[in-house]
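Working notes, structure below.
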Amino acid sequence: VLATVSERAWYDGPFDSDVAQVPACYALDSTEPHPEARDPQADSCADCPKNKWGSAPPRPGSTIPGKGKACREGARVIVMPAGTPIRSAPMYTAKIPVTSLNAVTTFVGRCQSAAKLMGEFVTTLSVTEDKKSFFKVHFTLKEHSADIDIPALLQKQEEAYQLAMTPYPTLD
């Protein structure tokens with residue numbers, strides 16, 4: 001794991017698996033809409049009506065509003081495969097749902113309490129079934145990488161953070 005950033009996203013239409021969609025309003029590692037968000041809903045996430053409980057849209061076939069928030073909270077986590085050279089390792093984005101944000105926070109805290117960079121650990125991401133939230137994501141620190149090129153890791157982590165902060169594209 002190289003980087004983690006919080007994300008909020010509100011979509012202005014229903015989900016359709018056949019149509020590529022980007023959020024109309026979103027925030028990345030911030031409590032304000034991203035400057036490139038197409039349709040910001042408020043000046044701050046705290047004041048946004050889409051960030052209030054009970055603002056979730058009705059489920060398909062229903063007219064009753066959902067109990068949750070219309071704006072989805074989660075995290076973007078940037079990872080690279082273990083055992084690959086740091087400088088040339090590909091990076092991948094994992095989107096973590098709100099129901100697993102505690103796992104992200106715990107992982108970051110464990111790295112900080114060990115006084116190590118996230119990328120110094122070999123970490124396994126796994127998913128388990130959850131009856132309430134469908135699934136949960138888990139982070140398991142496997143080992144500390146002893147012989148690591150710290151300057152290369154710091155550079156890769158900066159690249160990973162920039163990747164995590166990449167705005168959504170504009171779709172025509």
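Once the Cα atoms are used to define both axes, helix 101-113 deviates from the longest principal axis of the chain by about 30 degrees. In this label model, Asp47 and Asp147 are separated by 5.6 nm, measuring between points 7 Å along each Cα→Cβ vector.
Build a GNM of the chain with springs between Cα atoms under 10 Å apart, and of Gly54, Gly83, Gly68 the one that fluctuates most is Gly83. Let a ≥ b ≥ c be the square roots of the eigenvalues of the Cα gyration tensor of the range 1-47; is it rounded (a/c under 1.5), or, if not, prolate (a/b larger than b/c) or oblate? Note, shape of the range 1-47 comes out oblate. Per residue, the accessible area of the range 2-80 comes to 59 Å² when a 1.4 Å probe rolls over the protein heavy atoms.
Between helix 150-164 and the chain there is an angle of about 10 degrees, using the helix long axis and the longest principal axis of the Cα atoms.
Cα centroids of the range 117-162 and the range 29-94: 20 Å apart. Listed by chain and number, the lysines whose alpha-carbon sits under 16 Å from that of Lys52, ignoring those within fewer than 8 places in the same chain, are Lys67, Lys69.
Using C-alpha pairs below 8 Å separated by at least 6 residues, the relative contact order for the chain is 23 percent.
Pairs of lysines in the range 84-172 whose Cα atoms sit within less than 29 Å of one another amount to 13, provided the residues are eight or more positions apart or on different chains.
Using only the Cα atoms of the range 75-172, build the gyration tensor, take square roots of its eigenvalues as a ≥ b ≥ c, and label the shape rounded, prolate or oblate: rounded if a/c is under 1.5, else prolate if a/b is larger than b/c, else oblate.
oblate
Accessible area of the chain with a 1.4 Å probe: how many percent of it is carbon plus sulfur?
54
The values are calculated or read from the model by the stated rules, or taken from the named source; none is laboratory data. Note that the structure is a prediction, hence the values are computed from the model and not measured. No Cβ is skipped: glycine too gets one built from the backbone with ideal geometry, and neighbour counts run over all protein chains shown. These area figures cover heavy atoms from the full protein model, side chains too; ligands, DNA and RNA do not enter into them. Shrake-Rupley method; radii C 1.70, N 1.55, O 1.52, S 1.80 Å.
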